[in-house]
Amino acid sequence: MTRVKALLVAVAAVFIALPAWAEVKIKEVTSPGGITAWLVEDHSIPFTALELRFRGGTSVDDPEKRGAINLMTGLLEEGSGDLESQDYARALENLAASFTYDAQSDAISVSTRFLTENRDQAMDLLRTTLMQPRFDQSALDRVRAQVISGLKSDAKDPGAIAGRTFAEAAYDGHPYETDGKGTIDSVTALTREDMFAAHKAVFARDRLYVGAVGDITAEDLGALLDTLLGDLPETGAPLPVQADLDIPAGITVIDYDTPQSTVLFGQEGMERDHEDFFPAYILNHILGGGSFESRLMTEVREKRGLTYGVYSYLVPKDYAALYMGSVASSNDKVAEAIEVVQDEWRKLATEGVTAEELEAAKTFLTGAYPLRFDGNGPIASIMVGMQMQDLPIDYIATRNDKVNAVTLDDIKRVAADLLDPDGLHFVVVGKPQGLETTTN
Amino acid sequence: MIRRIACMAALIGATSASVASADAPTSVDEAVTTFTLNNGMDVVVVEDHRAPVVQHMVWYRVGSADEPAGVSGIAHFLEHLMFKGTDTLEPGELSATVAANGGRDNAFTSYDYTAYFQRVAADRLELMMQMESDRMRNLRLTQEDVDTERDVILEERAQRTDNNPRSLFGEQMNASQFLNHRYGVPIIGWRHEMEELDMDDALSFYSDHYAPNNAILVISGDVTPENVRTLAEQYYGVIPANPDVTARSRPQEPPHNTARRLVFKDARVAQPYVHRSYLAPERDPGDQEKAAALFLLAKLLGGGQTSYMTTKLQFEDQTAVWTGAFYNGTALDDTSFDVIIVPAEGVTLQQAEDAMDQVLADYVAKGVDQEELDRIKLQLRASQIYARDNVDGIASRYGRGLTSGLTVQDVQDWPDILQAVTGDEIIAAAREVLQLDSSVTGWLMRDDEVTQ
């Protein structure tokens, strides 16, 4: 055992000397036309990653046309300007560029990468993609069929069933309540006109955030932004309002004939801009933040073998904040898994964490932070996220200090305020033994 | 013997190096160095000095296809147990130490390899090597570790496979495709055998296969080959080679002389589809041309919006909501070439299968469209540029290649071999491989559906 201790001491000694991380040098670039972007110039590889994000996402859907924005986003790669679907795809392939789209409940993302040598052509194509989409009826029908196929699969997927059930219970009357992909009925009814309306609702200057990383200068980026996005309308559909959360405490069982129960659980969470966000972030890391050392992993997996994985995560969305978690466990074991989760929730709420746990969490979180900045695309995406959260441009340099400033008392206070073991709502999809619905 | 790969930065840096032109660079500077320690452990170093981060991986040339009969899942079970402890590390301490140093660690098992990795600040490389080399030979298990972790892998199987009809269907497809080879047995194992796995099974698999002469150290990130060599010699170089580790020799497939069919029904199926797999050759050392042709065939047939199956079945006939073609040639032994068609609403699985067969036959008869092939090759050249943004990805390419019987030279030759493939070679490979006699055709259905 002494050798174990010797190693730990050696490790502790190196904690002090955390390496000087390569600085991520972010510049704010404002184009002549007034579009702002964050840029990291790095000319070592001849390509650029450009990330565009439009706040609002699928939540600005017309409630009568649920799924329109998701379907519209899926149609962006189906032709623009003079180019029908497959001609468009060939044009993109000939540039060896990549444009991908993601429709989430808080934002529509356009993630691109393109080579320096044909940057102008790639941006011409992206411009027509965003400004002159075709939304051909044939493409609409084809992609609609794919969306409906996905919705049918979701209807039999335990994880998707749990997510839908939880959202319906938590977000009464808010766009978050329903799936942004829509329902089979709502998607079936969507028309070509709905696609143009959805396009108009999403793509606007007042909700645009831009990040660029790679082989491009500030001057070139400024000119590019005006050409690419200068013709965007000033505004789109009204953004959502804050959700009134009403999460029922207790267990909801969704009967589904499958050997392992899938569990989603949650309670109210904490906004990203709350002054206690960092204590909450650290306490979540200790409770169930994804490492093998978290309390939930230790208790549910390592000690009892009840699951392959159990996690908790803060979900600070733009218009609501949840604290959620998930676990999957065989039908005959899931009741015990849920009991252990709830016990751990309670234990942390009443007792806080130990000094050792806090130190280990800080060392991990501060050490792991720089590992995120590992490529042009990831950095562009992180920078856009920072802008959407209204973080300062020097945030990266100060973030670890905020983590290190958190004290044991902070954690204890926030744990007592935040964690609500008796208020947790568990959605269980499967044939769990010894569990019944206790919510209304 | 340090063999440094010639730097081609000059080619890449030149503005005239258009990916669209035929004389564009077909390989990029991967900053790769390889050497071998005295005990036979291979080392691959991929340099990227943009951020002070390192990924440390050890790949073992052993996977689920090397398991003895009757203990399916033992390769993967051992991978889990490797986190338990050694003479000097408590159970879980390795991961906890990585985390305490701001890093992440994990491991993965496949048919042909088992790999362990940590991603951490570059100045922690020595500590990673110290711990990883320790568990190469000093694993210590308790009965309780084994019993609890067996429950974990059973839950993992439940989550990945038993709870997912597509996975269960895939398992049956594989079992039908491989008549004699262990590729027909799931990596995670058959449940009834997993339930019986014990400490002796794990430790004997460990002592048979975990040795420096059966391992490859793959380091990527902010390191120099010289520094890696010094540390590797200190931590791995001192471990004696195990002379009993011999070249892998597995039961091979007999000639396949009849088409197999299966229908898998499950109430949890939402979207029925047809999956066809064909026995196909893999990349062999010094002989990758046919595999390259099959790789391109998969792209041409089902690799995206402009591919042939997509054009015919989704755009023209609208028989399908989705189609795809897949080929993973990086394997030690014969692998498979797969096609999938997800029928459109109102199209039966039989109609979908017939339409797919017609399209495959038409393609082989019609031949490769040179423009399509050129466009795919252009994208592959560009992907070499984008790949430099992710050196960990390059590192994994070497790990997979070297544990699948290929040499460093083979891994480096692959991009050029792909560029050299002709349309005629692709059609010849298609004619050879797309044979019903060596195929399995599976229908995944809801259990209330009738088959006709």
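Each residue, A:GLU84 and A:ARG413, gets one label point 7 Å from its Cα in the Cβ direction; the gap between the two is 6.6 nm.
Please arrange B:ASP208, B:ASP42 by counting, for each residue, the other beta carbons lying within 10 Å of its beta carbon, fewest first. Mind showing how you got there, number by number?
Values: B:ASP208 15, B:ASP42 22.
Listed from fewest to most nearby Cβ atoms, that is B:ASP208, B:ASP42.
Between B:THR348 and B:ASN138, the modelled label-to-label distance comes to 6.6 nm, taking each label 7 Å out from Cα in the direction of the beta carbon.
How crowded by other chains is A:301-311, given as the mean number of beta carbons from other chains within 10 Å of each beta carbon?
Numbers: counts 5, 8, 2, 3, 9, 4, 6, 11, 4, 0, 0.
That average works out to 5.
Peptide B:161-167 shows a mean partner chain C-beta count of 4 within 10 Å per residue C-beta.
Residues whose amide H comes within less than 5 Å of that of B:VAL269, counting only those at least five positions distant or on another chain, are B:ASP447 (H built at 1.01 Å from N in the peptide plane). When only alpha carbons of region A:3-229 are considered, Rg and Dmax amount to 21.6, 71 Å.
Normalised Debye scattering of chain B at q = 0.12, 0.13 Å⁻¹ gives log10 I(q)/I(0) of -1.15, -1.29, counting only Cα atoms as equal scatterers and leaving out solvent. Normalising the average separation of contacting C-alpha pairs (under 8 angstrom, six or more residues apart) by the number of residues puts the relative contact order of region B:309-351 at 35 percent.
Lysines within cross-link reach of A:LYS25: Cα-Cα under 20 Å, excluding same-chain residues under 8 positions apart? Result set, ordered by chain and number: A:LYS402.
Which whole-number percent is the relative contact order of chain A (Cα, under 8 Å, 6+ apart)? Show your work: numbers first, answer last.
Details: 814 pairs, mean separation 95.0, N = 440.
That works out to 22 percent.
Averaged over the residues of A:92-100, the number of partner chain Cβ atoms lying within 10 Å of the residue Cβ comes to 5.
If the cut-off is a Cα-Cα distance under 26 Å, which lysines reach A:LYS200, setting aside same-chain residues fewer than 8 apart in sequence? Excluding near neighbours in sequence, the set is A:LYS65, A:LYS181, A:LYS317. Charge tally for B:SER277 (other residues, Cβ to Cβ under 11 Å; Lys, Arg +1; Asp, Glu -1): +1. As a calculated quantity, the FRET efficiency between A:ASP332 and A:ASP246 at R0 = 35 Å, using C-beta atoms, amounts to about 0.60. Normalized C-alpha radius of gyration of chain A, against 2.2 N^0.38 Å? Dividing the Cα Rg of chain A by 2.2 N^0.38 Å gives 1.07. The value obtained for the protein assembly as shown, namely the Cα convex hull volume divided by the number of residues, is 162 Å³ per residue. With each label modelled as a point 7 angstrom along the Cα→C-beta vector, the B:ASN257-A:GLU356 pair spans 6.7 nm.
With contacts defined as alpha carbon pairs under 8 Å and 6 or more residues apart, what's the relative contact order of region A:3-229 in percent? Walk me through the numbers before you get to the answer.
Working: 353 pairs, mean separation 82.7, N = 227.
So the answer I get is 36 percent.
Listed by chain and number, the lysines whose C-alpha is less than 27 Å from the C-alpha of B:LYS366, apart from same-chain residues fewer than 8 away, are B:LYS290, B:LYS299, B:LYS312, B:LYS377. Dipole check for region A:359-440: with +1 at the C-beta of Lys and Arg, -1 at the C-beta of Asp and Glu, and the Cα centre as origin, the magnitude is about 220 Debye.
What's the ranking of A:430-437, A:145-152 by average number of surrounding C-beta atoms within 10 Å, highest first?
So the peptides A:430-437, A:145-152, ranked by packing, come out A:145-152, A:430-437.
Rounded to the nearest 0.05, what FRET efficiency do A:MET131 and B:ALA241 give with R0 = 45 Å and r taken as the Cβ-Cβ distance? Could you check?
0.10
Given A:PHE54, A:PRO133, A:LEU76, which one lies farthest toward the positive end of the charge dipole of region A:3-229, if we put +1 on the Cβ of every Lys and Arg and -1 on the Cβ of every Asp and Glu? Of the candidates, A:PHE54 comes out farthest on the positive side.
Per residue of chain A, the DSSP helices (runs of n ≥ 4 H) give a summed -39500 (n - 2.57) that works out to -13000 deg cm²/dmol at 222 nm.
Each value in this text was obtained by applying a stated rule to the coordinates, not by laboratory testing. Given the structure is predicted, the values throughout are model-derived calculations rather than measurements. Glycine gets a Cβ as well: all are built from the backbone with ideal geometry, and neighbour counts include every protein chain shown.
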